[in-house]
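A short reminder: the numbers here are calculations on the coordinates, not readings from a lab. On a predicted model such as this, the values are computed, not experimentally measured, just so you know. A quick note on method: Cβ atoms are made from the backbone with ideal geometry, for glycine too, and the neighbour counts reach across all protein chains shown.
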Amino acid sequence: MIMTEVERVIERPEKIKERIKQRREREQEREVTECPECHSRIIERDYERAELVCGSCGLVIETNIIDQGPEWRAFDSDQRLKRARVGSPMTYTIHDKGLSTMIDWRNRDSYGRTISTKNRAQLYRLRKWQRRIRVSNATERNLAFALSELDRMASALGLHQNVRETAAMVYRKAVEKNLIRGRSIEGVAASALYTSCRQCSVPRTLDEIGEVSRVTRKEIGRTYRFVARELGLKLKPTSPIDYIPRFCSGLGLGGDVQARGIAILRAAMEQELTSGRGPTGVAAAAIYIASILCDQRRTQREVAEVAGVTEVTIRNRYKELAEELDIEIVL
């Protein structure tokens, strides 16, 4: 009995050391969030070299990392669909979040062979009943119609998937709070899309949303203010700098014009010259000035067509900027 107690006391430090070792290993296995050298949070995974690299200073933080991706390769979309062994990810842009089954519209079986004419009638009936089963109540019918409308407008505007997901979440919250009653589905869907553009810092104006929607600009603005107030959304005013890359791309201007335009706008914002002005008009005026200074001239009409403003607006804004910022323009 005495020997057992002694052995237990002797083994205790070894167990303590083992626990400390295991804890250190767990801490090393945790995800690295910042660079230990420059404290940058831009961490990149180089799976070809199995290294964890800092994107700012280039320090190799960790080696021999594990690739969490699939072990197979795909060179086109067909191979990716055939080799994937899981379903599509969950998405809020579909009324059932994409978790239910769906019968494909193509008359082919799992091997890619064409289905015989005899079985096509049965497949047509199955497909019809599948569509009916997926939408069971009024709320799901509302979501199905609104989310399809959101997808149509987002495709027309060329918006990214994260903007569509954010718009779908805003619309779902509006449905949960019963904000749809007394308002058109198209109007609330368009206002949700405009809200998501503001939240994701994607510059789109009410006029652009109104062009692709089935409601007027006035109704979109009114519904947007109502939804933002009821959902407690705190959205910052749109900055003119957000429009610079898109307008420069539309005009075919280089990076030096874009950088000069952003510098002009930052100087104007420091002197509060952009307060009370439309962001698109100020951004268009800054691009017009930058194009002249960088010897890549664009006419006021060309800039106005891309920015969606009038030539008079550009003329007034660029004169204000040139005068207040002491910029000499040689026309």
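What to note about this one:
- Distant-in-sequence amide contacts of LEU59, defined by a placed amide H-H separation under 5 Å and a gap of 5 or more residues or a different chain, comprise CYS54.
- Among ASP46, ASP242, ASP76, the largest mean-square fluctuation in a Gaussian network model of the chain (Cα springs under 10 Å) belongs to ASP46.
- Amide H contacts for ILE115 (H built 1.01 Å from N in the peptide plane; partners 5 or more residues away or on another chain; cut-off under 5 Å): ARG108, ASP109.
- Difference of contour (0.36 nm per residue) and Cα-Cα distance, GLU48 to HIS160: 37.5 nm
- Under-5 Å amide H pairs with ILE43, H placed in peptide plane, nonlocal only: GLY55
- Residue-wise HN-Hα coupling along the stretch 113-124, computed from phi with Karplus coefficients 6.51, -1.76, 1.60 (Hz; x: Gly, Pro): 7, 5, 6, 5, 4, 5, 8, 5, 5, 5, 5, 4
- Considering only SER213, SER116, SER184, the mean-square fluctuation computed in a Gaussian network model of the chain, springs between alpha carbons under 10 angstrom, is largest for SER116.
- If only the Cβ of Lys and Arg carry +1 and only the Cβ of Asp and Glu carry -1, the dipole of the chain around its Cα centre is close to 2400 debye.
- Choice from GLU140, GLU311, GLU37 showing the highest fluctuation, given a GNM over the chain with Cα pairs closer than 10 Å: GLU37
- For P(r) over Cα pairs in 20 Å bins from 0, in percent, computed directly from the structure shown, the correct entry in [x] 31, 56, 12, 1; [y] 20, 38, 31, 9, 2, 0; [z] 25, 46, 25, 4 is [y].
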